[in-house]
Amino acid sequence: MTTNKRGFLQGLWDFFCSLKLSISLLILLAVTSIIGTVIPQMPNVPPEYLRSLSSNKVFLYKNLGFFDMYHSWWFILLLYLLTVNLVACSIKRLPRVWKIVSEPSLVMDSGLEKSLSLTHEFKTPGDVTAIRDKMTAFRKAEFASPVVTEVAGEYHLFAQKTPYCRLGVYVVHFSIIVIFIGAILGSKLGYKAFANIVEGTSISTVYNPRGEKPIDLGFAVKCEKFSVTFYDTGAPKEFKSILTILENGQPVPGYVNIPIVVNSPLTYHGITFYQSSYGPAGEGAVFHFTVRDKKAGTKSDLTVRQGETAQLPGGGNLRVLEAVPEVKMYMPQLSGAAARIEITPAGGAPQQVTLFQNYPQFDEQRGGDQVITYGGADEKFYTGLQVAKDPGVWVVWLGCTLMVLGICLAFFFSHKRIWLRVTPGRVVAGGSASKNPAGFQILFDDLVGKLKKQQ
């Protein structure tokens, strides 16, 4: 029974130490990341995308967590398995590597000499002690300060460079684990929420699409002003919010009238506000029109509030159905603000008309006794903010820094070792490198050539 238990545990240990498991997990994570890129993720799943799928597909995707893949149990399980795999591989291989780094072989005996890829023997006259001192001084000047060991009348000189580069791969392993820890901290203790703030108003709570309860910020955010500019095509060019942070109803010094645009957020107390969207507030909009009487030639200014009906001069009324600040995105051949209105002449039937601010003569084509031109609107907008709190972000940055350090150690440095065995009238040199053997051979041959010239 004990033997079977040991066999099971050893098999489980070998499974988690397997390189095949590492490769399989990395491939699975790559494939699932592609799924998460192709399928829209919460909370940005467009309704039209859901409507394009069959009910069976929507049911399947929801149950598999495809709409929130990076928080699904199976994706997190893959990350846990990869973490355990990295830890197991490091525990299995690190002791041997650490022994090479911390306890190098100082004596080049016959067995070590045969195992080395580079060896060279040459004769040298003189006393063994004098040769040792000369070799020691040369190695210190040309390569690294050697450790001298005497064994049975022979002197062994060992020197090495950048031994700790062998630990680079384990630094990378550790950095991945640190990044995972940071990501888990951000996922469990942080949130990504959204808030819409109408110009001139403030909010102190935000809403997480994954949770039902509002999240209290602990302070208030006020939108002082919102503005948007457009390209010639009518597409939004830049939308900007002017925000102020309030504590106990009072502005916080240094956080008053702070402009934020896309990719230029505002951060306060570890909570970051990103410019995400905008739209008409749907409240308090005031529309301006000019009504010209064709017969009398008189003009009258008319102001219409959203949701209300205004009386036209001479009878009839006018009501605004909808308005846009830039019509080019809907009608590429036109530009500027536009409004769709409903005109009801006195004793007549209602008719719908579209007016364009940049084309005041447009309504003349309608006919009738009056020509109406659109002068624009005083309309409040709301700013849509993405609100993110991620306490693990600095842990992730630490992991990324460690990863860069580990990659540099692993790929740009080599553990170089050179031994010299000094005996009466003879010197044997041997060397090895953990990487770039061709480059190390050039270095080794150059050092041996200089050693010969020293005699």
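The values are calculated or read from the model by the stated rules, or taken from the named source; none is laboratory data. What you see is a predicted model, and the numbers here were worked out from it, not measured in a lab. Cβ coordinates were reconstructed from backbone atoms using ideal geometry, including for glycine residues, and neighbour counts include every protein chain displayed. The accessibility values were calculated without ligands, DNA or RNA, using every heavy atom of the protein model including side chains. Shrake-Rupley method; radii C 1.70, N 1.55, O 1.52, S 1.80 Å.
For segment 85-227, what relative contact order do you get, as a whole percent, if you take Cα pairs closer than 8 Å and at least 6 residues apart?
17 percent
Any idea how far the Cα center of segment 433-448 sits from the one of segment 78-147, in Å?
14 Å
Accessible area of the chain with a 1.4 Å probe: how many percent of it is carbon plus sulfur?
Looking at the chain in its full context, I get 59 percent from C and S.
Restricted to Cα positions, what overall size does segment 61-219 have along the principal axes? Three whole-Å values, descending.
92, 40, 21
Once R0 is set to 41 Å, what does the formula 1/(1 + (r/R0)^6) return for the Cβ-Cβ distance between residue 224 and residue 161, expressed as a FRET efficiency to the nearest 0.05?
Efficiency, from the Cβ-Cβ distance: 0.10.
Residue 192: which lysines have alpha carbons under 21 Å from its alpha carbon, excluding same-chain residues fewer than 8 sequence positions away?
In chain and number order, the partners are 62, 213, 222, 240, 389.
Largest first and in whole Å, give the semi-axes of segment 1-149's equivalent ellipsoid, each being the square root of 5 times a Cα gyration tensor eigenvalue.
That gives 60, 23, 12 Å for the three semi-axes.
Below 8 Å between Cα atoms, with a sequence gap of 6+, how large is the relative contact order for segment 286-377 in percent?
Computed value for segment 286-377: 29 percent relative contact order.
Among [x] 38.0, 128; [y] 21.5, 74; [z] 21.8, 66, find the value of Rg and Dmax of the Cα atoms in Å that was calculated from the structure presented, and write down its label.
Label of the calculated value: [x].
Please list the helices of the chain that count as membrane-span-like by this rule: a mean Kyte-Doolittle hydropathy of at least 1.0 together with Cα atoms stretching 27 Å or more along the helix axis, each helix being a complete DSSP H run.
Both cut-offs are met by 19-38, 73-102, 168-189, 393-412.
Could you please state, rounded to a whole Å, how far the C-alpha centre of segment 404-419 is from the C-alpha centre of segment 247-262?
The two parts, judged by their Cα centres, are 49 Å apart.
Can you tell me which aspartates and glutamates have their Cα less than 19 Å from the Cα of residue 299? Leave out same-chain residues fewer than eight positions away.
Of all the aspartates and glutamates, those that pass the test against residue 299 - Cα under 19 Å, at least 8 places apart if same chain - are 363, 364, 369.
Give me the accessible area of residue 98, 1.4 Å probe, in Å² rounded to the nearest 10.
Solvent-accessible area, nearest 10 Å²: 120 Å².
With every protein chain kept in place and ligands, DNA and RNA left out, what is the accessible area per residue of the chain? Probe 1.4 Å, answer in Å².
Ligands and nucleic acids excluded, the figure is 57 Å² per residue.
Expressed in whole Å with the largest first, what are the equivalent ellipsoid semi-axes of segment 257-396 derived from the C-alpha gyration tensor as the square root of 5 times each eigenvalue?
43, 15, 12
What pairs in 114/161; 294/380; 161/450 have C-alpha atoms more than 28 Å from each other?
294/380
For residue 453, go through the aspartates and glutamates and keep the ones whose alpha-carbon is under 19 Å away, minus same-chain ones fewer than eight residues off.
Within the straight-line limit of under 19 Å, residue 453 reaches these aspartates and glutamates: 121, 127, 133, 142, 445.
In percent, how large is the relative contact order of segment 3-99, given Cα pairs closer than 8 Å and 6 or more residues apart?
Rounded, it is 42 percent for segment 3-99.
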